[in-house]
Amino acid sequence: MEAAVLRNSVPPDRTAPFFGFVWAVVGLAVGVSAGSLLALPGELSGLPLAFWLMAALAVTFDARPFSPYAERRSMSVFPSICFTFAIALEWGPGPAIAVQAAAVLVSGWRMRYALWRTIFNIAQYACALAAADAVVRLAPGDGYAVTGRLRPLDVLVAIGAAGAWLTVNHGLVASAVRLRFGGRWWIRFRQGLGFELLATGSLLLLAPVLVAAARTSPALVPMMVLPLYAVSRMARLSAEREQLARQDPLTGLANREALLAEVTEQVAAHAELHGRQAPGGQLALLLLDLDRFKHVNDALGHAVGDRLLVEVAARLTAVVRPPDVIARLGGDEFAILATRLDGVADARRVADRVVGELTEPVPLDGLPLDVDGSIGIALYPEHGADFATLMRHADVAMYEAKHRGDPVAVYAAESDHNSAERLSLLADLRRVLETGADDAGEITLYYQPQIAIATGEVVGVEALLRWRHPRRGMVDPEELIRVAEQSAVMRLLTRRVVDDVVEQLAKWSAAGLELRASVNVSVRDLHTGEIADQLAERLARYGVPPSRIQLEMTEGALMADPRRVLATISRLDRIGVAISLDDFGTGYSSMQHLRRLPLAEVKVDRSFVLGMVADADDAAIVRSVIELAGALGLRVVAEGVEDERTWRLLHEAGCEAAQGWFFARPMPAEDLVTWLARYRPITPAARTGAGEADPPGAGRTGTGGRARRDAAHPGRDGGHPGRDRGHPGRDVGRAGQHGGPARAEAAARLHPSVE
C-alpha cells in the first residue's frame, strides 16, 4: 500500500544494485534517444498546432495522474502517455520524448519525487517510446502512414507499438521494484500488470484515435479530454472497489485479504535475503488480541466498542513504522507484519513498542478504558514459510501469552498441541493402542522401585509409560502425555496402563512378590467414574487386592475441577484403592482440600528434593511438607533422590519412602525381578562409619498419622512408588547388592535361569 512505503527510500543493503540499474537505464535512454533529440530543434518550427495542443494537454493532465490507491507501490497512470504516444506515431520519437520529459518533471514536482526517481521515470518512458518507434520502423510496406486516412495496417502497427511500449515500460519498472524491495522477478513483473493492461493500455490505444482527430482538425484534439476523463473515472472506481475489498471499513487498516497478499509477497522477498544470508532476512507476524474487550461491548455498547477499536488502530499506526503493515482481522484482533528483522529480539522490540503504546487508558465519554492485550509472535522462516502457517503459529503464541499472563509470547512447538507433528504422533498413538499396529511402535511399562528409607525394604513400584516409536525412537514420556491428555486418546491410554499393571501385579503375586504398584492418572481420567469401574472389574478378574494398586494425581488435576475429582476419588477410596497427591508443593491445592480428600500419601516434588543439599530453602520446604503430611496422617514419599547425602537428609527429616536413581532406574518388569533378586536392603544406620552415631531420626519409621491411615486400610504397607523423570542410561541397581532368599526364590519362579 502506497501509504506504507517511503516513496523515495532505498534499503541500505540494496543501494548499489538498485542505483546501478537506474543509471544503466538512464544511459540506455540517452543512447536510444540522443539522435532524435539532437534533431528536434530543427523540427520544432515545422510542427503543427495539433502537436502543441497535445503537448500542452500532456503536461496539464500529468499534474494530477490517475492513482490506483489499492495497489501497493502502485505505478500511477499518467494521462500524458496517450498524447506522447500519439506524437510518437505522428511526428517521431524526438518530440514525444521531449514532451514526456516535461510532463514527468511536472508530475514529479507535484508528487514530491526524489530527483533520481524523476530522472528514472523520464528514462523509462524514453526507452518505451524508442521501442514503440522501432516497431513502427520495422512494419512492412510504407510503415505507419504519416498523412491521409489511417489504414488497417496502421492500426495493427499502432497496436504492436503499444505492446512494445507496455512491455518495456512495465519490465523496467518491475525490475527496479525488485532491486529496490527484493522478491522474485516474475512476482514483481506480474504485480499490477492487470491494472496497467486495462488503464495504460486504454490510453495507448486512444492514441491512433487522437492521431486521426489531429489529421482531421486540430480543434478535435481538446475533445479527447472527455474519453480521458472516462478512463480516469474507470481507474479510480476500479481502485476504490479493490481498496474496499482489501480494507477494514471501520478502522481503515488492511484486512485479512490484504495481509495475505502482503505476507505472500514479503515471504518471497525475504526468502531471497535469507538464502544469501543478507541482513534483514527475517519477518515476523504479530497477532494482537485485546483483553476484556467483550466486557466493553457488554457494558457500554457496540458503538463505544467501535470507537475503542478506532483508537487502538490509530495508536498502532502511530507506533508501527513503515514499511510494516497493520491489519485488523476482525473483532478485537489485529495483526502486524514486521519486515527486515534479524531475529526474535527485533520482533520483540516491535511488540514491546505496541504494548507500551497500549498501556495508557483510552478516555471515552469521560471513562478511561484499559486496552492492554496479548501478542503472539511467529517468525519466518523458523516458524513457517507461508501465511497460513505463520498465522496459526502466531495464534498459538498469542493464546500461550494469555495463558501465562504475559503480554508477549514467541511461538514454541511445545506449546502447540495441534501441530502437524503432534497430530501425526497422536494418530500413531491411537493406532498402537487400538490395534497394536507394528508400524506405530510398541507401548510398554517400566517400573521404578520405591524404598522405605528407615529399613531399606522395597515397598512398591511406580508404573511408567514408555513408547518406542518406529521412526522417532523412544518418545519423551512428558511429550507423550501432553499429546494424549488433550484428546480422547488419554482414555485409551489409561485403560491400557491399568489393564497391564493389574495383570502384572497378579503375575508377581503368583510368584510370591507382594508389591504395590502406582499408576499416574490425568484430570480427564478423574472427571468420570469410568476409571473406578474399570479398576473394580480388573481387580476382581485377576484376584488382586485393591491395596496393591494406588493412583497418583497432580495438584493441577485436583484443582481443575475439585467437585468432580472428589466424587471419583471417593469412589476409589470406597473400593480400597489408595490415592497419592503427586508433585506436592508445585500446585495450588489448599489445606482445605488436603483435609477433605481421602488421600493416603503425598509425594514431595523432585524439584525441591534435588536442591536439598545445596539450597537451604529447598531443604526447609521438604521438612515442612513432611511435618505437614505427618500432622494430616499422610505418608510422605520423596522422588528424585540421586545421591547419598540427599538420602540421609530425608531420613533425618523423617521422610518414610523415596525413589530415584540412587536406588534404581525404571526398568521393564522382567528386569525388575532380576534386580530384586540381587538387591540387599541398606539403611542410613548401616552406612554410618565405625564409631559414628546414627543420624538424627534414624529410628523413625513414620508413626502417628501414618498408623491411623494404615489402620483405616488394612494390608497397606508404608510406602509408595514415585515418578521417573530422568536418565534412562543409569545402571540398574547398585554395585555389590544381592537379594535375600525370599526374593531370590520368587525371582527363580519367574525366571528359572536366575541363580
Checklist entry - Using mean Cβ contacts within 10 Å as the protection proxy, how do 531-544, 277-290 order, highest first? => result 277-290, 531-544
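Strictly greater than 16 Å: what percent of every Cα pair in the stretch 380-431 meets that?
45
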Item to check | the stretch 411-495: radius of gyration over Cα atoms, expressed as a fraction of 2.2 N^0.38 Å | outcome: 1.30
Next on the checklist: At 4 °C and a viscosity of 1.567 mPa s, what translational diffusion coefficient does Stokes-Einstein give for the stretch 247-403, taking Rh as the Kirkwood radius over Cα pairs? Give it in µm²/s as a whole number.
Outcome noted: 82
Item to check | Cα-based reach from K507 at 30 Å (exclusive), listing lysines while leaving out same-chain residues under 8 positions away | outcome: K603
Checklist entry - Which lysines have a Cα less than 22 Å from the Cα of K294, not counting those fewer than 8 places away in the same chain? => result K402
Checklist outcome for this item: In whole percent, the fraction of accessible protein surface over the stretch 391-510 that belongs to carbon or sulfur atoms, probe radius 1.4 Å, stands at 48
Next on the checklist: Could you sort I453, I621 by their accessible area in this structure, using a 1.4 Å probe and putting the largest first?
Outcome noted: I621, I453
Item to check | Computed Kirkwood radius, in angstrom, where 1/r is averaged over Cα pairs of the stretch 340-392 | outcome: 13.1
Item to check | Cα centroid separation, the stretch 242-301 to the stretch 385-448 (Å) | outcome: 25
Next on the checklist: Let me spell out the model: positive unit charges on the Cβ of Lys and Arg, negative unit charges on the Cβ of Asp and Glu, origin at the Cα centre of the stretch 341-381. What dipole size does that give, in debye rounded to 20?
Outcome noted: 180
Item to check | Computed over the stretch 236-290, Kirkwood Rh from alpha-carbon pairs, angstrom | outcome: 13.2
Checklist entry - Which stretch or stretches of the stretch 268-288 have amide N atoms under 18 Å from the point lying 7 Å from R315's Cα along the Cα→Cβ direction? => result 286-288
Checklist entry - So for the stretch 382-535, Kirkwood radius off the Cα pairs, Stokes-Einstein at 20 °C and 1.002 mPa s: how many µm² s⁻¹? => result 119
Item to check | Hydrodynamic radius of the stretch 561-670 per Kirkwood, over alpha carbon pairs, in Å | outcome: 14.8
Checklist entry - Any idea what diffusion coefficient the stretch 323-464 gets from Stokes-Einstein, in µm²/s, Kirkwood Rh on alpha carbon pairs, 10 °C, 1.306 mPa s? => result 83
Next on the checklist: At a 10 angstrom cut-off on C-beta neighbours, averaged per residue, how do the peptides 356-365, 111-120, 53-62 rank from highest to lowest?
Outcome noted: 53-62, 111-120, 356-365
Checklist outcome for this item: Burial-style ranking of 509-521, 655-667, average other-beta-carbon count within 10 Å with highest first, yields 655-667, 509-521
Checklist outcome for this item: By the C-alpha gyration tensor axes a ≥ b ≥ c (rounded if a/c is under 1.5, else prolate when a/b exceeds b/c, else oblate), the shape of the stretch 503-557 is oblate
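The values are calculated or read from the model by the stated rules, or taken from the named source; none is laboratory data. All of these numbers come straight from a predicted model, not from anything done at the bench. Don't worry about glycine lacking a Cβ; one is built from the backbone with ideal geometry, like all the others, and counts go over all protein chains shown. Note: areas computed on protein heavy atoms with side chains; ligands, DNA, RNA excluded. Shrake-Rupley method; radii C 1.70, N 1.55, O 1.52, S 1.80 Å.
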